[in-house]
Structures are given as structure tokens and as C-alpha cells.
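These notes are about the structure you will find just below.
Quick note: the coordinates plus some simple rules give every number you see, no bench work behind them. Since we're looking at a predicted model, the values are computed, not measured. Ideal geometry is used to build each Cβ from the backbone, glycine not excepted, and the neighbour counts take in all protein chains shown.
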Amino acid sequence: MSNFSIVYKIIIIVIGTFAVLNGFFYDNFKLDIETAYYFTYQSNILVIVYFILDILNIIKKKETFYPRFKGAVTMSITVTFLVYHFLLSTTSGKLEGIDYIRNIILHYIVPIMTIFDYIIFDKKGIYKIIDPILWLIIPILYFVFILIRARVGSPFSDGSYYPYFFVDIYKYGLKTVLRNVFFITLFFAVLGYIEYFIDRLFNKVYGKHNK
């Protein structure tokens, strides 16, 4: 199973890296630095880096690399999938060719394959009830990052200082943005606890099956 797990993770790394690099470089390899500020790319890079470390750990120690932290990785990339599908996909415009392929990989293929990597390969029952709260460090750090970047950085190509419209303080005001951030963080927490309870459920089912 470990060999299949490694091959599966390599596929995620390869297609994810292709999509990320394609987003960073365009028109004869000109660097698009704006790409680095989007949670989509940051969460996909997090997945890629994690699975590289995970493969090395499996080869060396025959076990998952910090499996409780993997919950945070899975939660983050799942949010990328859900937020894009239900909130951003209708405003992204029509994409064609390589742009369409990149978009599908970043928002659908990598997230779904990451979720199935947990379902198929990971030991169940390892998450602690505090973990979903600890996992919130990732989105909180991201929100702090984009707020600081808006203060010290230049505007994006669309004129906004923010990568996503729902955190644009200049457009909606601090009160509205803080409310949006609160509900988004709450969404992260709810998703994290859904992940936690699914892990508990899988552990019970697999535990009974293995008895």
C-alpha cells in the first residue's frame, strides 16, 4: 500500500506543481507576482510541500508526516475548493485552453485528490478535539498577511489592494470586512470539526472491521 500511496502523492505533486508554475509564469515566462497573494496558490503550494515531506517520511520511517498537521493541510485545500465552487466560480469568467486546465487542477483535482489521500491511506482516529482550532492558525495568518500587504504593497491589476473582494476594506469598510473574516474563519472551524468527526466515524468503522 505504501508504494501506491507514494505514487498517488507524486501525481498530486506533479500536476499541482505544473498548475502553480503555470500560474506564476505567463507570456514567455514573465513572472506574475500577484499570483503569490491568492489563497488558492498558497494552499496548493502547502499541499505540494507537505506531500514532498510526507513521501520522504514514508520512505524513511514508514509513517505519515505529522498526520495531525495534515488535517490543517486538508482543511485549507478543501476551503479552496468550496469557496471557489460556490462563491468565486461565477465571477471568474470563461476560461479556455491552459488557463482552464490550470483552474481545474488548482480548484478541483488537487483538493479532491488530497481528500481521497486521507480517506484511502491515512490512519484514522488520530485527530484531537483541539486540532480544528489549531488549524485556524493558517487562515488567520493569511488574513493578517493580506491586510499588511494591502498597506505596504501596490494595487493589483484590477486596481484593488486586496486579492479577494470580500476583504476589501477600502471598498466595504473595516466593520464589514471584519464581519466577513469572522464568518469565513467560522466556516474554517466548522469544516475542521466536520473533518474531525468524520475521522472519528472512520475510526469506528475501520476499528470494527479490523476486529
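Taking Pro67, Pro139, Pro155 in turn, the Gaussian network model of the chain (Cα-Cα springs below 10 Å) assigns the largest fluctuation to Pro155. For the cross-link pairs Lys61/Lys128; Lys70/Lys123; Lys9/Lys61; Lys9/Lys204, the ones whose C-alpha atoms lie over 21 Å apart are Lys61/Lys128; Lys9/Lys204. Taking 20 Å as the straight-line reach from the Cα of Lys171, the aspartates and glutamates in range (excluding those fewer than 8 positions away in the same chain) are Glu34, Asp158.
With the Cα gyration tensor of region 23-159 giving a ≥ b ≥ c as the square roots of its eigenvalues, does the rule (a/c under 1.5 for rounded; else a/b larger than b/c for prolate; else oblate) give rounded, prolate or oblate? Verdict is prolate for region 23-159. Across the chain, C-alpha contacts under 8 Å between residues 6 or more apart give a mean separation that, scaled by the residue count, equals a relative contact order of 23 percent.
Positive end of the dipole of region 1-108 (Cβ unit charges, origin at the Cα centre): among Leu56, Ser76, Thr40, the Cα lying farthest that way belongs to Leu56. Helices of the chain meeting both criteria, an alpha-carbon length of 20 angstrom or more along the long axis and an average Kyte-Doolittle score not below 1.6, with helices taken as full DSSP H segments, are 2-24, 137-152. Residues considered: Thr80, Thr176, Thr40. Largest GNM mean-square fluctuation over the chain, using C-alpha springs under 10 Å, is found at Thr176. Here region 120-195 yields Rg over Rh of 1.11, to two decimals, using C-alpha coordinates and the Kirkwood radius.
Placing unit charges on the Cβ atoms only, positive for Lys and Arg and negative for Asp and Glu, gives the chain a dipole magnitude near 880 debye about its Cα centre.
Model label sites at Tyr26 and Lys128, defined 7 Å from Cα along the beta-carbon direction, differ in position by 4.4 nm. A straight line joining the Cα centroids of region 1-54 and region 82-148 runs 12 Å.
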